Amino acid sequence: MAPLRYTLPCILAAVALVQASTLRGVAPEQQPLYTPHSDGQWECLDNSKKISFTAINDDYCDCPDGSDEPGTSACPNGIFYCQNEGHIAAYIKSYAVNDGVCDEACCDGSDETSGLITCPNRCKQVAAEYAREQAALHKIHSAGILAKRKLIQQGQETVTQWQEEKSKLEDELVIKRAELDRHQREIDGLEDDAKRHLSKKPSSKKSKCPPCDIATLRDHIQTLEDEVETLVTILKDMKRDHNHNFHDMAVKAAIAGYDDFIDGYDELKADINNDLNNYNAYDQSAFEIHDNESEEENVEVDQDTPEQAGKVSFVQILLKKIANVIPPDWRGLIPLEKNENNVGLKSEGSALEAAKNIHGKIKDTIQEAERKLNTINDDLAKDYGKQHEWLKLKDICTEKNEGEYTYSVCIFGDAYQKSNKDGARVKLGRFEKFLDDDHMKQIYSRGTKCWNGPERSVRATFECGGETEILEVTEPEKCEYQYRMKTPAVCPIPEEVNKEQPIATHVKEHSKPKNVVHEEL
């Protein structure tokens, strides 16, 4: 038999190992950390001090990190491990241990052993409910994943269309700009030809009846004067009868123009009549002399005489005077001298007008193409997600009735708050940007300014769902709103999920909401 002094340490070590393997409140993977040294001492997990191994779970907090009391409520910063066999293990705060309340996170009831309350093991029922929830969640996620795949496909197709349209527009602009330059050169050439014709001396033929020309001209002038008188009457009535309290700038400008015109109208008519009378007397005497000298001649004069030149000059001056007092649309009523030069000018004028019309249409086409190209470039530069999954959600709108107010948002657009009492709407913000690289948070800023406060804004946080909807709206800070939303755009496609997520993280995510609820209790 071995001496007692050799067998006693072995017995103590064996007892310690048994105790360590079943230490309350410690996860199985953490149990090896609770092994005493050969001298019976144990070191706190933060290595801050050594205590007797027997001081663990003695309901007195020795270690600063609370690691010596995993199974009691002695350390305020400690945590308690619930095995929850048959379900998911969880951690709760140590102060919830033996407090007389059955903690939701510890479905096995292991948190209450003081006798204050008996907590049944509910893990089987909880696990069944959890399985149903997970099945429903899986169904939602599956629908969301299918919807996201469709969004990605549609977004990428749209981007491809934009890129193709961009290429076509760029090619079209190259062609149209070259065409515009060619027509501009054509216009320049036609304008130069017109200037050369205008610089030539007109070759008119002598009229056999100058008084007849004057009579015809008088008839045209009388017709134009009658039309002008009609306009004068209309403007006079408008000046007298218009609403003086309605400040229409177009009406005021018309009346001002009428006043300026009417001041010199009578004098202008007198000048025209005097000019016609003087010219008639001059032209009549010239006609009589010509008639005496050429009674039997029917020969047309090939060269311009001073009298003819004077007549042409006089008539052109008179026609210009008339043209200055009538609307542009009526100027075609004025008879123009028919001569070879005018025929050439008319032909060139028609060609020039046609060339300018074509030039204008090409210019309009270029401007429209540039507008479309700028729009496409702007769209291509925007952030619609890593796979363009957000693109087809642009301008999709949704709202949520929260009792007193109804909140709404249009993706990449505006967010509003509408009163359910009087229907008054307040702008909460306009889309600014995504707040994270995962495209799960958006900020809507520059909303209507609060009374004695900041501009309103919205932070939208998205979770996976088959549809894009608002789930909840809160206002944690004055005029700063939180939208909790769901959308298929953020659903993790299987190849995107990290299957090696640590178990501890998984447990904490499930236990965290329970802890929050318990703390509020």
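Under the convention that each Lys and Arg Cβ holds +1 and each Asp and Glu Cβ holds -1, the size of the dipole of region 395-498 around its Cα centre is about 620 debye.
Across region 475-491, computed HN-Hα scalar couplings (Karplus, 6.51 cos²θ - 1.76 cosθ + 1.60, θ = phi - 60°) run 10, x, 10, 4, 6, 10, 9, 10, 9, 9, 10, 10, 6, x, 5, 9, 5 Hz from first to last residue, x flagging Gly and Pro. The calculated FRET efficiency for the pair V426 and H37, based on their C-beta separation and a Förster distance of 45 Å, comes to about 0.10.
Near G429, the amide H atoms lying under 5 Å from its own belong to A415, T448; only residues 5 or more places off or on other chains count, and H is placed 1.01 Å from N. Of the trypsin sites (Lys or Arg not before Pro) found in region 373-414, those that fall in a DSSP loop while having at most 14 other beta-carbon atoms within 10 Å are K382, K386. In region 380-480, which GluC sites (Glu not before Pro) fall in coil by DSSP and have 15 or fewer other Cβ atoms within 10 Å? Hits after loop and neighbour filter: E402, E404, E467. Sorted on the mean count of surrounding Cβ atoms within 10 Å across their residues, most packed first, peptides 156-167, 136-147 read 136-147, 156-167. Legend: residue pairs K382/K418; K382/K427; K150/K441; K168/K392, Cα-Cα distance threshold 27 Å; pairs beyond threshold, K382/K418. Using the Karplus relation 6.51 cos²θ - 1.76 cosθ + 1.60 with θ = phi - 60°, the per-residue 3J(HN,Hα) values for region 148-153 come to 5, 4, 5, 4, 4, 4 Hz, with x marking Gly and Pro.
Distance between the 7 Å Cα→Cβ label points at D58 and R132: 4.8 nm. For region 395-498, the share of alpha carbon pairs falling in successive 5 Å distance bins from zero is 3, 13, 22, 26, 17, 9, 5, 3, 1, 0 percent. Among W42, W451, the ranking by other beta carbons within 10 Å of each residue's beta carbon, starting with the fewest, stands as W451, W42. Residue by residue, region 455-467 carries 3J(HN,Hα) couplings of 5, 5, 8, 10, 10, 9, 10, 10, 10, 5, x, x, 10 Hz when phi is fed to the Karplus relation 6.51 cos²θ - 1.76 cosθ + 1.60 (θ = phi - 60°); x denotes Gly or Pro.
Note on E165 and I443: their simple-model spin labels are 3.1 nm apart, each label 7 Å out from Cα toward Cβ. If R0 equals 60 Å, the separation of the Cβ atoms of N374 and K269 corresponds to a calculated FRET efficiency of about 0.65. Quote the FRET efficiency, to the nearest 0.05, computed for E495 versus E455 with a Förster distance R0 of 51 Å and r equal to the Cβ-Cβ distance. The value I calculate is 0.80.
Scanning residues 5 or more positions from D62 or on other chains, those with amide H under 5 Å from its amide H are D68, with H placed 1.01 Å from N in the peptide plane.
Only the coordinates and a few stated rules stand behind these numbers; no lab work does. Please read these numbers as outputs of a predicted model, since none were measured by experiment. Cβ sites come from the backbone with ideal geometry, for glycine too, and all protein chains shown count toward neighbours.
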